[in-house]
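Participant: Handing you this structure, nothing more for now.
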Amino acid sequence: MEQTKTELHTHLMGMLSAEEFLNFLSQYLECIYWPLDEPISKASQTIPLASATMDKDVLASLRIPHGEQVDYFTLDDMYATRTELLKLAVHSTTSKLNDLLINEYQNVPPEDKKKIIHRQAEETVYNDYINHCLKELVKQGVEYVEISYSNARRILGYDINEKLKDKITCKFLLSTDRSRSIRNMKQCAKELRKTLDSGSLVGVDIMGQERPFSLEELDYNNSKSFQQKLEILFDELLQHKNTTLRIHSGEIPTSNNTLITLKMIDQIATKKGIEIPPPEIRIGHGLHFTPNEDYISLLKKFHCIVEINASSNYSLGNIKNYQDIPYNYYLENQIPIVIATDGHGLYDTTIQKEDEIARNHTTLEQYDAIIKTDKDMLGKKVR
């Protein structure tokens, strides 16, 4: 049976499986401090990387076992743990490079030399990490991936392994938080402009812990206006033909955030006299909404694509069971959906598992429609 070959919704820190993440670290570290608290001096022990893959506590800090549920605080802790472990790998690599390059940069001030070597170490570790992530996706049959990540400099420095280039195409979405101030969103737009020009980046991912829009966010004249922030990002995205704007929305039961956002986009399109897409509008999650004609009408108007992340939403308690996922509602209303993992390693899943969940909760005709959308996206993205 045919399977999904695109991974359009994943986050860099959640991509490697727990075991492979530890195997990756073993190239840079002999052991890890544990528990991984700040400061590290509070750690009560060290654990050799060779045995960490069999340590239940370490593994439990790096993934949510498939079928289990946790709260968002636990999720944040897992992201923090993965991030801190990568920092340890960078720190170790920096020390080794300092020894190797002791005679280099003789005429460079010490502080500048320190920054140069640290940046080289970062580039080495993160490039290696991303390529390890891509190898896992290739094993899953994925041929195109868009990775959400917030560091524009690292995105610009990324270099795919030559052996992987014929097997998978990798692009990035620059992630930002909806709660950022307008001033900070303008800075994000500058980073977006620079990174879009490089070709490594294809769009922006608006994230943030979902909550109902505040009165300040809904007031266009307020300094916290969400529509103003969207306009700032649109100004950059409209400079390129094939960009993407993903909105993390409808993730938890709340007010009609997705519909409200679509209405804001509609106002922006009217104000600018433009037809959307571009950018391609994608709804990350899209689980919770009030079914009505306005919602469907705007999804269709902007040719929106809804990303379904079944396992992650179950793991975080956003749904009680997979039957709560509105596959049927979208497909019956001719709204295209794609299957994604939200970070397969963190959620202990694969594209194949997500496909299986979708097959079990749709008709054969509906599942075929999902695969057709996937094929269309692959053909559109990989040229």
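Participant: Kindly work out what percent of the DSSP beta bridges joining two residues of the chain are antiparallel, to the nearest 5.
Facilitator: Expressed as a percentage, antiparallel bridges in the chain total about 10.
Participant: In debye, nearest 20: dipole of the stretch 155-236 around its Cα centre with unit charges on the Cβ of K, R (+) and D, E (-)?
Facilitator: For this selection, approximately 180 debye.
Participant: Expressed in nm to one decimal, what extension gain is obtained for the pair Arg180 and Lys115 from 0.36 nm per residue of sequence separation less their Cα-Cα distance? Please report the intermediate quantities before stating the final value.
Facilitator: Working: separation 65, 0.36 × 65 = 23.40 nm, distance 2.78 nm.
This chain segment gains 20.6 nm when fully extended.
Participant: Considering the values [x] 132; [y] 189; [z] 160, which represents volume of the Cα convex hull per residue in Å³ as calculated for the structure under consideration?
Facilitator: Correct label is [z].
Participant: Gly208: net charge of surrounding residues, Cβ under 14 Å, Lys/Arg +1, Asp/Glu -1, itself excluded?
Facilitator: Around Gly208, the charge tally is 0.
Participant: Given a 1.4 Å probe and every protein chain left where it sits, what share in percent of the accessible area of the chain is carbon and sulfur?
Facilitator: 49 percent
Participant: Too long at a 18 Å Cα-Cα cut-off: which of Lys186/Lys224; Lys194/Lys241; Lys263/Lys375; Lys272/Lys301; Lys163/Lys380; Lys186/Lys300?
Facilitator: Flagged as over cut-off: Lys263/Lys375; Lys163/Lys380; Lys186/Lys300.
Participant: Probe of 1.4 angstrom, ligands and nucleic acids ignored: what's the accessible area per residue over the stretch 153-234, in square angstrom?
Facilitator: 51 Å²
Participant: Going 7 Å from the Cα of Leu238 toward and past its Cβ, which residues in the stretch 250-293 have a backbone nitrogen under 20 Å from where you end up?
Facilitator: Those under the cut-off are 261-282.
Participant: Given 37 °C and 0.692 mPa s, how large is the Stokes-Einstein diffusion coefficient of the stretch 1-115 in µm²/s, with Rh as the Kirkwood radius over Cα pairs?
Facilitator: Answer, rounded: 199 µm²/s.
Participant: Ranked by accessible surface with a 1.4 Å probe, highest first, in what order do Asp55, Asp205 come?
Facilitator: Result, largest first: Asp55, Asp205.
Participant: Return one whole number: the accessible area per residue of the stretch 81-138 in Å², for a 1.4 Å probe. If you can, show how the numbers build up before the last one.
Facilitator: On the way: 3180 Å² over 58 residues.
Counting only protein heavy atoms, the per-residue value for the stretch 81-138 is 55 Å².
Participant: Here's a follow-up. Rounded to the nearest whole Å², what accessible area per residue is found for the stretch 245-318 with the 1.4 Å probe? Don't skip to the answer; put the middle values down first.
Facilitator: Numbers: 2520 Å² over 74 residues.
For the stretch 245-318, the solvent-accessible area averages 34 Å² per residue.
Participant: Between beta-carbons, use under 14 Å as the cut-off and find the net charge around Lys272, counting Lys and Arg +1, Asp and Glu -1.
Facilitator: Cβ neighbours under 14 Å give a net charge of -4.
The values are calculated or read from the model by the stated rules, or taken from the named source; none is laboratory data. Computed from a prediction, not measured in an experiment: that's the story for all the values here. Note that each Cβ is placed from the backbone with ideal geometry, even for glycine, and that neighbours are counted across all protein chains shown. In case anyone asks, the SASA skips ligands and DNA or RNA and just uses the protein heavy atoms, side chains included. Shrake-Rupley method; radii C 1.70, N 1.55, O 1.52, S 1.80 Å.
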